[in-house]
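Report on the structure given below.
Values in this text are rule-based calculations from the coordinates and carry no lab data. Please read all numbers here as calculations on a predicted model, not as lab measurements. Backbone-built Cβ (ideal geometry, glycine too); neighbour counts: all protein chains shown.
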Amino acid sequence: MLSAIIRRLIHMIAVLFGISVLVFLIFFATPGANPAARIAGRNASPQTIARVERQFGLNKPLPVQYGLMMKKLFITQNLTSFVNLGEKVVPQVFRAAPITLSLVTGAAVIWIGFAVLIGLLAAAFRDTLIDRILMILSLIGISMPVFWVATMANLITQGQFHHSWLFSWVPPLGYVPFNTSPLGWFKALIIPWFTLAILYIGLYARVLRAALIETMQEDYIRTARAKGLSERQVLMHHALRSAMIGIVTLFGLDFGALVGGGALLTEVVFGLQGIGYLTYQALETLDLPMILATVIYASVFVVMSNAVVDILYAVIDPRARQAR
Amino acid sequence: MSDSQALLSVRDLSVSFRTRGGLIRAVDGVSFDVLPQQIFGIVGESGSGKSLTILSILNLIGDPNVIIAGSIRFAGQELVGAPAPVMRSIRGNKIAMIFQDPMTALTPVHTIGAQIIEQIRQHRQLSAAAAHQRMLDLLDAVGIPDPRQTFRRYPHELSGGQRQRAVIAMALSCDPALLLADEPTTALDVTVQAQILDLIRDLRIKFGSSIILITHNLGVVAEVADQVAVMYSGRIVEQANTADLFANPSHPYSWGLLGSMPVLDGPRKRLAAIPGLPPALDHRPPGCAFAPRCHFVRAACETTPPPLRAAPHPVACIIDEHERTSLRMEPLEQ
Amino acid sequence: MIKRILLLALLLAGMATAQAAPAGYGGTLRMVTVSASGTFDPQVNYTLRYAQLFQMLYDGLVTFAKTGGPKSVTIVPDLATAVPVPTDHGLTYQFTLRTGVKFSNGQPVTTAAVVHSFRRLFKVNSPNAGTWYDVIVGGRRCLAHPRSCKLQGLVVDPATNSITFHLRHPDAEFLDQLALAFAAILPVNTPDHNMGTRPVPGTGTYMVKSYDPSTGLVMVRNPYFHQWSALAQPKGFPSVITYRFGLSAESQVTAVENGQYDWMYEDVPADRLNEIATKYTKQVHITPTNWTLYVPMNVNIPPFNNKDARLAVEYAMNRESTVKLAGGNRLAIPTCITLPPKMPGYSAYCPFTKNPGKHWSAPNWRLARHYMKKSGMIGQKVTVITSLQAPYRQIGVYTQDVLNRLGFKASVKAISPNIDFTYIQNTNNHVQISITDWAQDYPAPSDFLNVLYSCNSFHKGSDSSINISGFCDPAIDAEMSKAELFSLKHPNQADAMWSHIDHQITRRAVAVNLFSFERLDFVSARLRNFQFSGEFFFLPQLAKIKP
């Protein structure tokens, strides 16, 4: 058990190291990315620029700069942004984390709920009109880019029909902390939740349907029927339980990636300043310290979610328990 | 034997499949009776239609293109065409079924205890505690060691033999009058096979159920069956009580089957295989289905399918009884 | 009886209203923008977004009048009692510090604070320490050794509150440079490093209550503020001003339409212009600015090291087309010269058009092709560098089209607006032609001509080489120095000299000047008294939102 944990930690460190080096190199390979002139201000004299370079260590060799930045990030924890000078990046990341968590968790509840419902219906009414309609809708859900859906949602709820009874309850774009107002938090998030969920509902419904259909071919389903169980019982207690295993794996990975900042398009269009938004801003402004902080945060989550999924696998699939 | 005594009465059962090429008959006009507390064996090679026959009793053929015709009467109730709720109340309750492969027969994500309890509570109004106790009793009755620990196990944690016992326990949980067993020992190794067969034999005594036992292994039939039906290409070609069948086989196919059985005593002979293969289901010959492979075929065999002749026991062959005996003694071709 | 009660009620009501705040004061002004704008240190930040805020949070010795209209570009006394005329042939400026002014932390404004603030300019790497404030005697030494900066040229006398600046040479723009936020007077204990995200207390009508670069800031009334000059630092009408970060420009427009915000910083995206012009006409304000869009051509590398090639482009570019791309004639004024129309020294002139004279009318393709042929540059590869933002990107594509029609093999590269400006300045990137803009620091012609075209502004291999074309003519430099000298004593003559310089540089076809921007402000329905300063743009403190 302990050796497994240590192995995972080493794995995580290797991943983080690789990613941070890659980000670092890409940044400095981008022409014009050197922040000294931008930090110094427009039309700064060469001396001013030189002084800024010395202050930020930008005249040191790359490996040294990398080492210094990693030290500031992890050890002394005072790594500051290149763009918003003086702003510590790590506290900003942690301030943004609950926003992303709120967005992603709510969306996850919605998408799992709907995906299971649609997948079950489609598998139960396989090859009928219901099935085909549901699968076409799912495909549409997958095909619509999330930033387009989000913009359309805004167009309707904030723009065209904002003053109608349908959408007058929709608050201005942005996040309302739960502590400030639980109802406000909910109202501000409900449309972003559905927007983010649409893609995943489509995907998961299709995956679940396929998994269910495959599972229904298994021998134990025939045994279950031979026991006198109704089709609904067979579907829900025997087929779904087995088919969900694949879904859970998928979910763990998707959730981890989203919490780490993968929902950035949704966050940007809805003005929710979570991790994805921070990442987006950092990339836009080429703010290397913030890029490193958000990318490493995301990597940590992805690696962690991989580990959690592996553990979860053992919990839900009894067959996997010995193989650990 | 009269209908009123039979527990299960199958008449002219045919199972056909709609395909692009037309209608394929996999089971063609099968008729037999099973008496209470009787072990009825059905033997035949793969593709003879034996599994489909018993699957159609419980309407468990999962193919939307299947057509089942004929009559299956169980305790006076017609099963062919019976509505789904009726079938559900019979399945696992009055008629139970166990399948060939214990590895895949149980749902891998539920404990065996939970799966047995599920069946019990489906058909009986028992409290959770009572159902739990019954489940433990069943596990004990089928010879599973330490039921109080084993019921928590998942199917993959048990050996093949234990799994099959658990499957049997589950099937018997509601005291079915009829148990359908589709090759219950085929997937097990030989020593375990013997134990399961013993168990099956005991079940008739302990639980009072009739059993239809499907196998391609004549040795199994010899061990446990009271009555045997031999199926070939979807039809029953011979039916007798076990002693009669082995003493006095009357159909050339049965002769072939018996000839291909290794004998423990006597000189070691080369096993005789019946040359050729059964006909493809969509290309059944107009006459006797076995005619292409029959050593003793004559012209009349190829025109019409021979009906089941009564004496000494039902056999579908036009060879006269007296001829049969002499033909039987001829050495078969190697 | 009832009559008496009614009378009493009326009397009380009358008293209550009399004691209420005078009309217009109160309420919360809500501003919105896409993101924060760098450091909140007024001596370092060099963005319009925050300059707009600093003008109501801080004061210098002098300032630009906080009002709308032409008066907004005049310099008025602020923390000093009067705007001095320089003595000693322009080398000495003497001010008297106003008394009784306090910072928002209660500390009084003293001559010590003034000294500390000017020394601090050199310690925190203020962008213009080396270009503007080094004119003060001792400034260059401070540049070299900031830690031990004494700035001998700044002499104060706490007893008489007198402040004297000694300059190395006369500088006509010294007062302008004192009027900007860089020269804000800060408390004497302000740390000697860039304050980053921690706002410094100031003397302005507002103070910062909270600032988070990710979410926004909140400004409230400075409790220690008493209005000493309505022109220099008027008491703000709103009681609270909030500035929210994080909405895209599109969302901002919708939010202002919905009345969720009162004013948005970003330009209204082109696809919404028609909507706001037709449905929200009363909420749209358009004002000319000293901000131009131009296309510098690199005169040191082919093909534009050849003057004929440059002339061909000048004659071929259709200023009207680019104006259309920028949103139409109400938002962009076509031009051929460097100085924008409202700038002193502006004199309309356009040689690169069908009927040369004062204004541009139409491209002259005949001449363009003639020069192109003469140049011998037909078939040469050219890459146009532009930014991803509108309208730069679209104008970049248009430029590519013109170049192709002239006979070049042109391609266009649009890069992130955050790095495009430094990218096109660095000669290591071999940028041949780019689309960029320039906005004034203060209304002085040298802020355009000297900054953009003097030899001093060109630095090889540096991200900060604002003379993007790489043009360097010592003769023109000498003329510019002369014009600067004259600005002090003979401003009208100086203006004429600057016009002349402008026209000369134009004829050299170093850059294609396209148009000057009109600024469009879209405000909420409830906002009254919209005032636009030529220096700071929209003045939030003068907006009235309380009915």
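Key figures for this structure:
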| read-out | value |
| --- | --- |
| Estimated Rh, the range C:116-208: Kirkwood, alpha-carbon pairs, angstrom | 14.0 Å |
| Centroid-to-centroid separation of the range C:103-133 and the range B:222-236 [C-alpha atoms, Å] | 107 Å |
| For C:H500, C:H226, A:H238, order by how many other beta-carbon atoms lie within 10 Å, fewest first | C:H226, C:H500, A:H238 |
| Share of alpha-carbon pairs per 10 Å distance bin for the range A:48-184, given as whole % | 9, 20, 23, 20, 17, 9, 2, 0 |
| Summed residue charge, Cβ within 13 Å of B:L203's Cβ, Lys/Arg positive, Asp/Glu negative | +1 |
| Of C:K66/C:K102; C:K358/C:K413; C:K71/C:K279; C:K123/C:K460; C:K102/C:K482; C:K342/C:K374, those spanning more than 30 Å from alpha-carbon to alpha-carbon | C:K358/C:K413; C:K71/C:K279; C:K102/C:K482; C:K342/C:K374 |
| On Cα atoms only, tilt of B:112-123 relative to the major axis of chain B in degrees | 80 degrees |
| The range B:45-120 and the range C:453-487: distance between their alpha carbon centers, rounded to Å | 95 Å |
| Tilt relative to chain A, helix A:46-56 - C-alpha long axis, 0 to 90 degrees, to 10 | 50 degrees |
| Environment charge at B:Y154 (Cβ cut-off 11 Å; Lys +1, Arg +1, Asp -1, Glu -1) | +3 |
| FRET efficiency estimate (nearest 0.05) - Cβ-Cβ, A:K187 to A:D219, R0 41 angstrom | 0.25 |
| Average other protein chain Cβ within 10 Å of Cβ, residues C:418-427 | 5 |
| Theoretical gain in end-to-end length, B:D63 to B:D202 [0.36 nm per residue, Cα-Cα removed] | 46.6 nm |
| Residue order, fewest to most beta carbons within 10 Å, for C:V220, C:V73 | C:V220, C:V73 |
| Structure-based [θ]222 nm, chain C - -39500 (n - 2.57) summed over DSSP H runs of at least 4, per residue, nearest 500 | -9000 deg cm²/dmol |
| Relative contact order (%) - criterion: Cα under 8 Å, at least six apart; region: the range A:48-97 | 17 percent |
| Average silhouette area of the range C:329-414, convex hull of alpha-carbon atoms, in square nanometres | 6.8 nm² |
| Residue exposure sequence - C:C455, B:C288, B:C301, B:C174 - by fewest surrounding Cβ within 10 Å | C:C455, B:C174, B:C301, B:C288 |
| The range C:347-390, relative contact order [Cα under 8 Å, separation at least 6], % | 19 percent |
| Cα-projected label distance for A:R126 with A:A320, points at 7 Å along beta-carbon direction, nm | 2.4 nm |
| Largest-first principal axis extents of the Cα set of chain A (Å) | 86, 60, 37 |
| Rg over Rh, two decimals, the range A:2-76 (C-alpha only, Kirkwood Rh) | 1.15 |
| Value of Rg to Rh for the range C:37-183 (Rh from inverse mean 1/r over Cα pairs, i.e. Kirkwood) | 0.94 |
| Stretch gain in nm, segment C:V240-C:K354, where the contour uses 0.36 nm per residue and the Cα spacing is subtracted | 35.6 nm |
| Compactness of the range C:392-547 - radius of gyration and Dmax, Cα, Å | 19.4, 61 |
| Around A:I247: net Lys/Arg minus Asp/Glu count, Cβ-Cβ under 14 Å | 0 |
| Whole-Hz ³J(HN,Hα) from phi, Karplus 6.51 cos²θ - 1.76 cosθ + 1.60, for the range C:362-367, glycine and proline x | 7, x, 10, 5, 4, 4 |
| Chain C - percent relative contact order, Cα under 8 Å, separation 6 or more | 20 percent |
| Spin-label pair B:D140/A:L68, simplified geometry with 7 Å Cα→Cβ offset, distance in nm | 7.9 nm |
| Value at 222 nm in deg cm²/dmol, rounded to 500, when DSSP H runs of n ≥ 4 in chain A each add -39,500 (n - 2.57) | -22500 deg cm²/dmol |
| Cα-projected label distance for B:A128 with B:E302, points at 7 Å along beta-carbon direction, nm | 7.0 nm |
| Rounded to 10°, Cα long-axis angle of helix A:182-215 versus longest principal axis of chain A | 50 degrees |
| Spin-label zone in the range A:250-288 - amide nitrogen under 20 Å from a point set 7 Å from the Cα of A:F94 along the C-beta vector | A:259-261, A:273-279 |
| Residue-averaged 222 nm ellipticity for chain B, from DSSP H runs of 4+ at -39500 (n - 2.57), nearest 500 | -9500 deg cm²/dmol |
| Stokes-Einstein D for the protein assembly as shown, Kirkwood Rh over Cα pairs, 10 °C, 1.306 mPa s (µm²/s) | 42 µm²/s |
| R0 of 45 Å, Cβ-Cβ distance B:Q149-A:I136: FRET efficiency to nearest 0.05 | 0.35 |
| Neighbouring partner chain Cβ atoms per residue of C:191-202, average, 10 Å criterion | 2 |
| Cα pair distances of the range C:291-517 binned at 10 Å [whole percent] | 9, 35, 39, 16, 2, 0 |
| C:N274/B:A194 FRET efficiency (R0 60 Å; Cβ-Cβ; nearest 0.05) | 0.10 |
| Distant alpha-carbon pairs in chain C (separation over 39 angstrom), percent | 32 percent |
| Distance between the range C:41-67 and the range C:324-395 - C-alpha centres, whole angstrom | 33 Å |
| Beta bridges per DSSP with both ends in the range B:72-224, % antiparallel, nearest 5 | 15 percent |
